[in-house]
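Trainee: I have a structure here, written as structure tokens, and I will follow up with some questions on it.
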Amino acid sequence: MTLPDTGDLSIKNVTKTFGSTTAVDHVNLEVQRGEFLTLLGPSGSGKTTLLMMIAGFEDASSGDIALDGASILNVPAEKRNFGMVFQGYALFPHMTVRRNISYPLDVRKRPKSEIESRVEEMLALVQLEGFGDRLPKQLSGGQQQRVALARALCFAPPVLLLDEPLGALDKKLRIEVQAQLKAIHDRVGTTFLYVTHDQEEALSMSDRIVIMRDGKIEQVGTPNELYEKPRTVFAADFLGKSNFLERSEATYALRPEKIDVAPSGDLQCAVSVTGKIQTISYFGAVQKLMVMLDDGKCLEVDVDIWRNRNAFSVGQVVDLGWTDDAVTKLEG
Amino acid sequence: MILPFLAVIAGFYIYPIANVLWLSVVEPEPGLGNYAALFDTESLRRIILTTIRICVVTTFFSVLFGYTIAYAMVHMDQRKQNLMLALVLVSFWISILVRTFSWLMLLGHNGLLNNGLQAIGVINEPIAFVRNELGVLIGMIHYMIPYAVLPLLVNMRNLDMRVMRASQNLGATGTQTFLRVYLPMTIPGIVASTILVFILSLGFYVTPAILGGGKVLMIAEYISVQILITLKWGTAAMLATLMLFGVLGMLYVMSRFMKLSAVFGGGR
Amino acid sequence: MDKQFLKESVQQGAVAFKAGKMDRRAFLTLCAMAGVAVSAVARGDAHAAANQIILWNWGGSSEVCHGQYIAEPFTESTGIGVGFDTSGPLQGKIKAMVDSGSVTADVCDADAFDAIALGDSGHLEPIDYSVVDKAKVLDGFAWEYGVSIIFYGYAFMYDTEAYGDNPPNSWADFFNTAEFPGKRSLYKWANGSLEGALLADGVSKDALYPLDLDRAIAKVKTIKEDSLYWGSGSEAHSMIVNGEVSMGMVWQNRGKAIEDDTDGRYKLVMNEALAMPGAYIVPRGNPAGRDAVMKFIQTAQDPKAQLGLLDCLGMTPTNPTAFGMIPEGQKAYAITSAMNIDKVVYNDPVWWGANSEKAVNAFLEAIS
Ligand SMILES: Nc1ncnc2c1ncn2[C@@H]1O[C@H](COP(=O)(O)OP(=O)(O)O)[C@@H](O)[C@H]1O
Ligand SMILES: [Mg+2]
């Protein structure tokens, strides 16, 4: 994959208020060309609003947005050339798949031949060859999603904005489409700015993730960085599961799978405590133990089922242990 | 449960219609004489043509204005939209007679407009806005606009506005978005209000009678004259039958182009 | 709903109706709900209870005027009540009512040509001239199936400011747009308009009937471009009062009101006014029975009643005894006053009874 020559998006100190609510609060963000960047946050955290400002459907209350160094605040939405995949897809219901995909080229009055070949190319990209003459309502949800993607990519936009594009799909299909989406990103090399509230989706696809909370950026980093080194309780809790430990005025995060567990007396580890198993829940590959420590606090522990066949039962007293590098000190 | 209901339908609708069909072939004497009159009575044809012409023009402008109004309404904030809707609905309550005479007062020979224009010296002689076909059209269009607005409003309110944003996002100008996306997506509303307005227009007779100065004769008035004054019930029944099948034919042709259930808000 | 309950309700309704506690419409609704044909109720046991004459007229002030000048004296002398149906007894409605077998009116304030047409087609009761007095009707206006109680007429009014010293005075002037320029208004359902056209075209008063339709229509068409047509008295009235026309045909009884409304700017011309005999007719199988309704008609022949209607509605008496009693202020507008009676032209209801269908359609075709 060669790096595209455009697609650097910078968001400088952008704020958006609706009356007394501040939907986006002094956000600074550099999106690099070709990057797959995900905005991750709970519902109401300002993700859509930020995307709408980038697409030009909402005006920023203050701050600046620039593409490749030039401000685009005064460029109307239809001139910004950002592709967008809407929540619910927003396909044109009265147009065939082909006409949906060619739409951005049609309105730009491009030559017929170019349009035709480009549409075929797009249909191939999203694996919908042969579906060109159907109407959107004759397609499944996943197929509609891919039409929306093809339509948004058809005019080779420097940046593609995706607002919860997989929200309407069921879990199994979602995982499938995630992989396809990632593959397509790798092939076209366009900057993807992806919005989701689903942490697994964010983890599996993104080059970098931006965790948003109440209109502010909580933390930015690669999936690995964010998972291994969450900076705040919110980040640690929202991305993956975490136990929180209070040690000498500070809070530490400890991931459930980083805790070793053994029947009482068996464990040789740096830090070790004992507790009693309250509940066991089964998740296929792992089981989650809820262990109550002697001081009354509960820790969540993930245990590999296969390697610990029949080792644990509710009410059993166990030793818990972890190494120093398993815990992360959090801010505030 | 459904059977008595069907019986009521039959009693209230089918029986009178059958009766009209029957009359059209037995009054004043059995045969197709009433229908033959269509071919050899020039005046009947002229009345039918006048009716169709007026209804088509009325429908066109009512739907055009209705579209504009509905479009403006869905783009207003909720409070203004409710106010407008109330205004539209209130107009259903004003009797057609009152409205017709209001037009006379407004546009008549000595009406507000003519007097005003004369007072400021724009014209010397009053302009004949009413008591002619123009008057009939003004009165009918005005009456029909609310009927045109409602189906369009329902249609427009149910549109997914993200689709318009998508169009804009994909590079379409406002005009392009309107012509390529908005307009096609409101076709069901346009068709519904066209059918509604056209059918209602066919039955008009107070407005043409008064605003037309007696010179614009439409089928409905002609039928009522034949029933009440000249007692040519056969002719009246024939014309009523013709209108009925005209409307049914129109619906049939429409249904070949689109699902009527979609037009009238059924299934999705 | 329970049939017995409804039947009893109807009978109670009939009593309430008679006592004047329930209006006619409510009574009819009740009958309809009970699924009882009104005529059956009216003619059967409820009839005796409801004991009442229903006068079918055109509403407006006619309800009050008929009530005061005919119904009141009638009820006083016979004890029979009078109710009104004000929806207008058009020929088609009378025909439909009689054909359906549920007759709800006893006497209709109709036109003489209705008496001829509907009498011929068997929809009317003959007039009983042993009760109704032929001598109390101007000669020639008492027919087998109807008797004339009043005259009204078509005359025209003109704008005095438009024509100054040389005012129009005949239908010839009315149709002469060259000498008397300006808009005209005519009655839309042909009646009167055709006669006016023929008189204007030089046909003499006595040779008017049978009307030469083609000739009349041709004359009407000569002023088509300058004409408006009205279908109701109020429309005719407003066309003149609003200055839409410089000469307008009107029902002569509106003449005074229009002269007043325009402060005398428009004047009524009674020369060659077309006298229309109104007729009281009785739908066949009328609910109150023949005797009662004939007595009612007899009451309407009384000069007092007729002069009352003249005062109240501007309808002119047909009883010659009343002609001389027409008050001073009404003389100029009344058809049968001494100053007008020799100038007017009488409509021939027999011709209209036989030809109205043809005439109306031909006229409509010509003007539309
Ligand atoms: N048009 C609007 N008017 C008023 N408030 C809005 C509007 N759009 C969004 N908000 C508010 O801004 C905040 C962020 O919303 P949004 O950007 O939609 O969040 P997310 O997409 O992360 O769920 C929410 O509190 C929401 O209620
Ligand atoms: Mg959102």
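Trainee: Considering only the range A:6-48, how many residues are of a type outside the set (Phe, Trp, Tyr), more than 14 Å from chain B (Cβ to nearest Cβ) and under 26 Å from A:His185 (Cα atoms)?
Mentor: Qualifying residue count, the range A:6-48: 26.
Trainee: Same structure, new question: Within the range B:169-197, which residues are farther than 18 Å from B:Leu153 by Cα and in contact with a Ser or Thr (Cβ under 8 Å, 6 or more places away or on another chain)?
Mentor: Within the range B:169-197, B:Gln176, B:Thr177, B:Arg180 qualify.
Condition check ((1) closer than 21 Å to C:Ser356 by Cα; (2) away from chain B (no Cβ under 12 Å)) across all residues:
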position	(1), (2)
C:Gly196	yes, yes
C:Gly202	no, yes
C:Ala207	yes, yes
C:Asp226	no, no
C:Ser234	no, no
C:Asn242	no, no
C:Trp251	yes, yes
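Trainee: Considering only the range A:65-87, I want to know if a residue exists there that is more than 27 Å from A:Gln32 (Cβ to Cβ), more than 24 Å from the chain's Cα centre (by Cα) and within 14 Å of chain B (Cβ to nearest Cβ).
Mentor: Looking for residues that are more than 27 Å from A:Gln32 (Cβ to Cβ), more than 24 Å from the chain's Cα centre (by Cα) and within 14 Å of chain B (Cβ to nearest Cβ), one finds none in the range A:65-87, hence no.
Trainee: Now for a separate question. Counting only residues that are closer than 17 Å to A:Gly167 by Cβ and open to solvent by less than 10 Å² (accessible area, probe 1.4 Å), which one in the range A:25-45 is farthest from ligand 1 (Cβ to nearest atom)?
Mentor: By that ranking, first place goes to A:Thr38.
Trainee: Specify the residue that is nearest to B:Leu211 (Cα to Cα); the eligible residues are those in the range B:48-89 that are among the aliphatic types (A, V, I, L, M) and open to solvent by 80 Å² or more (accessible area, probe 1.4 Å).
Mentor: Among residues in the range B:48-89 that are among the aliphatic types (A, V, I, L, M) and open to solvent by 80 Å² or more (accessible area, probe 1.4 Å), the one nearest to B:Leu211 (Cα to Cα) is B:Leu49.
Trainee: I would also like to ask the following. State all residues of the range A:139-154 that are more than 14 Å from chain B (Cβ to nearest Cβ) and part of a helix (DSSP H, G or I); if no residue qualifies, say none.
Mentor: A:Gly141, A:Gly142, A:Gln143, A:Arg146
Trainee: Identify, from the list C:Asp311, C:Asp302, the residue that is closer than 18 Å to C:Arg254 by Cα, under 19 Å from the mean Cα position of the chain (by Cα) and of a type outside the set (Val, Ile, Thr).
Mentor: C:Asp311
Trainee: Across the range C:341-368, which residue is nearest to the other protein chains (Cβ to nearest Cβ) among those that are within 21 Å of C:Trp171 (Cα to Cα) and outside any helix (DSSP H, G or I)?
Mentor: Checked the range C:341-368; the qualifying residue nearest to the other protein chains (Cβ to nearest Cβ) is C:Asn347.
Trainee: Let me ask something else about it. State whether one or more residues within the range A:60-70 are open to solvent by less than 40 Å² (accessible area, probe 1.4 Å), within 16 Å of ligand 1 (Cβ to nearest atom) and either assigned to a helix (DSSP H, G or I) or outside the structural domain of A:Leu29 (by TED's automatic domain parsing) (or both).
Mentor: no
Trainee: While we're here: Looking at this structure, is C:Phe141 within 22 Å of C:Asn57 (Cβ to Cβ) and away from chain B (no Cβ under 14 Å)?
Mentor: Answer is yes for this residue.
Rundown of residues vs (1) over 21 Å from the mean Cα position of the chain (by Cα); (2) at pLDDT 90 or above; (3) within 14 Å of chain C (Cβ to nearest Cβ), yes/no style:
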| position | (1), (2), (3) |
| --- | --- |
| B:Lys215 | no, no, yes |
| B:Met218 | no, yes, yes |
| B:Leu228 | yes, no, yes |
| B:Leu231 | yes, no, yes |
| B:Ala237 | yes, yes, yes |
| B:Met243 | no, yes, no |
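Trainee: Considering B:Glu125, B:Glu133, which residue is more than 14 Å from chain A (Cβ to nearest Cβ), of a type in the set (Asp, Glu), without any contact (Cβ under 8 Å) to a residue 60 or more places away in the chain and open to solvent by 10 Å² or more (accessible area, probe 1.4 Å)?
Mentor: B:Glu125
Trainee: On to the next question. Give the range A:187-212 a look and list any residue that's open to solvent by 20 Å² or more (accessible area, probe 1.4 Å), at pLDDT below 95 and either within 16 Å of ligand 1 (Cβ to nearest atom) or in contact with a Phe, Trp or Tyr (Cβ under 6 Å, 6 or more places away or on another chain) (or both), or say none.
Mentor: A:His197, A:Asp198, A:Gln199
Trainee: Separate question: Go through the range A:96-111 and give me each residue that's on the phi < 0 side of the Ramachandran plot, more than 8 Å from chain B (Cβ to nearest Cβ) and either in a loop (DSSP other than H, G, I, E, B) or surrounded by fewer than 15 Cβ atoms within 10 Å (Cβ to Cβ) (or both).
Mentor: Once the filter is applied, which keeps residues that are on the phi < 0 side of the Ramachandran plot, more than 8 Å from chain B (Cβ to nearest Cβ) and either in a loop (DSSP other than H, G, I, E, B) or surrounded by fewer than 15 Cβ atoms within 10 Å (Cβ to Cβ) (or both), the range A:96-111 yields A:Thr96, A:Arg110, A:Pro111.
Trainee: Something else: One residue is enough: does the range B:152-159 have a residue meeting the conditions among the basic types (Lys, Arg), touching a Lys or Arg at 6+ places or on another chain (Cβ under 9 Å) and either more than 10 Å from chain A (Cβ to nearest Cβ) or open to solvent by less than 60 Å² (accessible area, probe 1.4 Å) (or both)?
Mentor: The answer is no; no qualifying residue exists.
Trainee: Now for a separate question. Looking for whichever is in contact (Cβ under 8 Å) with a residue 12 or more places away in the chain, in contact with a Ser or Thr (Cβ under 8 Å, 6 or more places away or on another chain) and crowded, with 24+ Cβ neighbours inside 10 Å here; the options are C:Ile297, C:Ile223, C:Ile240, C:Ile281. Which one fits?
Mentor: So the residue among C:Ile297, C:Ile223, C:Ile240, C:Ile281 that is in contact (Cβ under 8 Å) with a residue 12 or more places away in the chain, in contact with a Ser or Thr (Cβ under 8 Å, 6 or more places away or on another chain) and crowded, with 24+ Cβ neighbours inside 10 Å is C:Ile240.
Trainee: Something else now. Working only within the range A:44-97, note down all residues that are among the charged types (D, E, K, R) and more than 14 Å from ligand 2 (Cβ to nearest atom).
Mentor: Once the filter is applied, which keeps residues that are among the charged types (D, E, K, R) and more than 14 Å from ligand 2 (Cβ to nearest atom), the range A:44-97 yields A:Asp59, A:Asp64, A:Asp68, A:Glu78, A:Lys79, A:Arg80.
Trainee: In addition: Could you check the range B:113-215 for helices (runs of 4 or more DSSP H) lying wholly inside it with 3 or more residues that are within 25 Å of B:Ser91 (Cβ to Cβ)?
Mentor: B:133-157, B:187-202, B:206-211
Trainee: Among the listed residues A:Glu246, A:Glu225, A:Glu218, which satisfies the condition of being open to solvent by 10 Å² or more (accessible area, probe 1.4 Å), of a type outside the set (S, T, N, Q) and part of a helix (DSSP H, G or I)?
Mentor: A:Glu225
Trainee: For the range A:159-186, how many residues are surrounded by fewer than 20 Cβ atoms within 10 Å (Cβ to Cβ) and either assigned to a strand (DSSP E or B) or within 14 Å of chain B (Cβ to nearest Cβ) (or both)?
Mentor: 2
Trainee: Which ones in the range C:140-168 are under 21 Å from C:Tyr333 (Cα atoms) and within 19 Å of the chain's Cα centre (by Cα)?
Mentor: Result: C:Phe141, C:Ser148, C:Ile149, C:Ile150, C:Phe151, C:Tyr152, C:Gly153, C:Tyr154, C:Ala155, C:Phe156.
Trainee: Quick one: how many residues across the range A:154-195 are of a type outside the set (D, E, K, R), within 16 Å of ligand 2 (Cβ to nearest atom) and touching a Leu at 6+ places or on another chain (Cβ under 6 Å)?
Mentor: Going through the range A:154-195 one residue at a time, the tally reaches 4.
Trainee: Could you check the range C:243-263 and list, in sequence order, the residues that are touching a Phe, Trp or Tyr at 6+ places or on another chain (Cβ under 8 Å) and buried (at least 17 other Cβ atoms within 10 Å of the Cβ)?
Mentor: Listed by number, the residues that qualify are C:Ser246, C:Met247, C:Gly248, C:Met249, C:Val250, C:Trp251, C:Gln252, C:Asn253, C:Gly255, C:Ile258, C:Glu259.
Trainee: Tell me which residues, restricted to the range A:287-328, are part of a strand (DSSP E or B), among the aliphatic types (A, V, I, L, M) and open to solvent by 30 Å² or more (accessible area, probe 1.4 Å).
Mentor: A:Met290, A:Met292, A:Val317, A:Val327
Trainee: Output yes when any residue across the range C:203-211 is touching a residue at least 60 places away in the same chain (Cβ under 8 Å) and touching a strand residue (DSSP E or B) at 6+ places or on another chain (Cβ under 6 Å), and no when none is.
Mentor: Yes; the residues of the range C:203-211 include at least one that is touching a residue at least 60 places away in the same chain (Cβ under 8 Å) and touching a strand residue (DSSP E or B) at 6+ places or on another chain (Cβ under 6 Å).
The values are calculated or read from the model by the stated rules, or taken from the named source; none is laboratory data. Note that the structure is predicted; figures quoted are calculated from it, not measured. Note that we place each Cβ from the backbone using ideal geometry, even for glycine, and neighbour counts take in every protein chain shown. Quick note on the areas: whole protein, heavy atoms, side chains included, nothing else; ligands and nucleic acids left out. Shrake-Rupley method; radii C 1.70, N 1.55, O 1.52, S 1.80 Å.
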